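The structure under discussion appears below in the form of structure tokens.
The values are calculated or read from the model by the stated rules, or taken from the named source; none is laboratory data. What you see is a predicted model, and the numbers here were worked out from it, not measured in a lab. Methodologically, a virtual Cβ is constructed for each residue, glycine included, from the backbone with ideal geometry; neighbour enumeration extends over all protein chains shown. Heads up: the accessible areas ignore ligands, DNA and RNA and are worked out on the full protein's heavy atoms, side chains in. Shrake-Rupley method; radii C 1.70, N 1.55, O 1.52, S 1.80 Å.
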Amino acid sequence: MSFFWGALWGVSAVMVVAVGAIIGVWWERKVSARIQLRLGPQQIGPAGSLQMVADVPKLLFKEDVVPDAADGPFFRFAPLAVFAPVAMSIAVIPFAAGWAPFDAATGALFFLAVPSIGVLGILFSAWASHNTLSTLGGIRAAAQMISYEVPRSLSVLSVLLLAGTLRPTAVMAAWEWWWIPTTFVGFIIYLIASIAEMNRGPFDIPEAESELVAGYFADYSGIRWAVFMMGEYGAMISASLFGAAMFLGGYRLLPGAAGVVAFVAVGAVIMTVIMWVKWTLPRMRQDQLMAFCWKVLTPIALVQLLAAGVIAAWL
């Protein structure tokens, strides 16, 4: 029976990410267009809302090219290794009072740890392509993602200290409104570090189309390229919802079903901010990116954690 429920949730998570990616791509096209004084998609469906319905079949039936010099098994497996951990991380997000698809006692640690496995998928894709530019992109991505896990985890720990638990549903049960101003700095650090974990602008130096031609997935096409994109948008969905729950109150903002709607709405706003940042700020250099993590975000996150610890001890 546990296998059945696990398989059911796996299929559901894939569908949530797939639908979220379709909506997210359309919305990002609209957001970027407004920033650049354009209209974005407008021909297919109301306000171009069905544009991705036209794009998906193209990706599904486009030829899946595997370079002659590539390591075939690793090359084919890599997109799944990037996507699967992202889909798994959604399982521990508390969507309603006392309920999460996977209500684990160490759910917060699960959320922070499991997506890190995606680093292996990126390294597999970079190495298996036997392409110098892909390899450079993969090495950059691995260094960036591993580094930014530190401030991201420290920022979440400040909330967990106040709650006194690692179980996300218990964190939500203990959540108080004054946690928002208390951990607001931690939320900003979490948001910045999450953007870097996704390799999105201004932290998209591992892809850097102007110099690395998309980096670690430069040689991918068709459905496997689409899986990489689904992984990116799935990471946006999970990071936005988890941040909305831990730092901003999630479903506790309003009573009953209205709280769930408010939770999803806040998550959508965070996703929009992530898109806005990408299309507004210039790309950072590799040395700037790493220095910003270790010399700026990590010390501030430690101060935030110390402040949360003092408050938790005083209470």
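Numerical summary
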quantity	calculated
Which listed residue is farther than 26 Å from MET15 by Cα and touching a residue at least 40 places away in the same chain (Cβ under 8 Å), from ILE195, ILE205, ILE188	ILE205
VAL273 vs. criteria loosely packed, with under 15 Cβ neighbours inside 10 Å, under 20 Å from ALA21 (Cβ atoms) and not acidic (Asp, Glu)	yes
Which listed residue is in contact (Cβ under 8 Å) with a residue 12 or more places away in the chain and within 10 Å of PRO202 (Cβ to Cβ), from VAL260, VAL277	VAL277
Residue match in segment 110-119 (condition: modelled with pLDDT of 85 or more, aromatic (Phe, Trp, Tyr) and part of a helix (DSSP H, G or I))	yes
Those residues of segment 84-102 which are of a type in the set (A, V, I, L, M, F, W, C) and closer than 14 Å to ALA239 by Cα, in sequence order	VAL86, ALA87, MET88, ILE90, ALA91, VAL92, ILE93, PHE95
Residues that are open to solvent by less than 60 Å² (accessible area, probe 1.4 Å) and either of a type in the set (A, V, I, L, M) or not in a helix (DSSP H, G or I) (or both), drawn from segment 48-68	SER49, MET52, ALA54, VAL56, LEU59, ASP64, VAL66, PRO67
Residue check, GLY107 closer than 17 Å to ALA87 by Cβ and buried (at least 17 other Cβ atoms within 10 Å of the Cβ)	yes
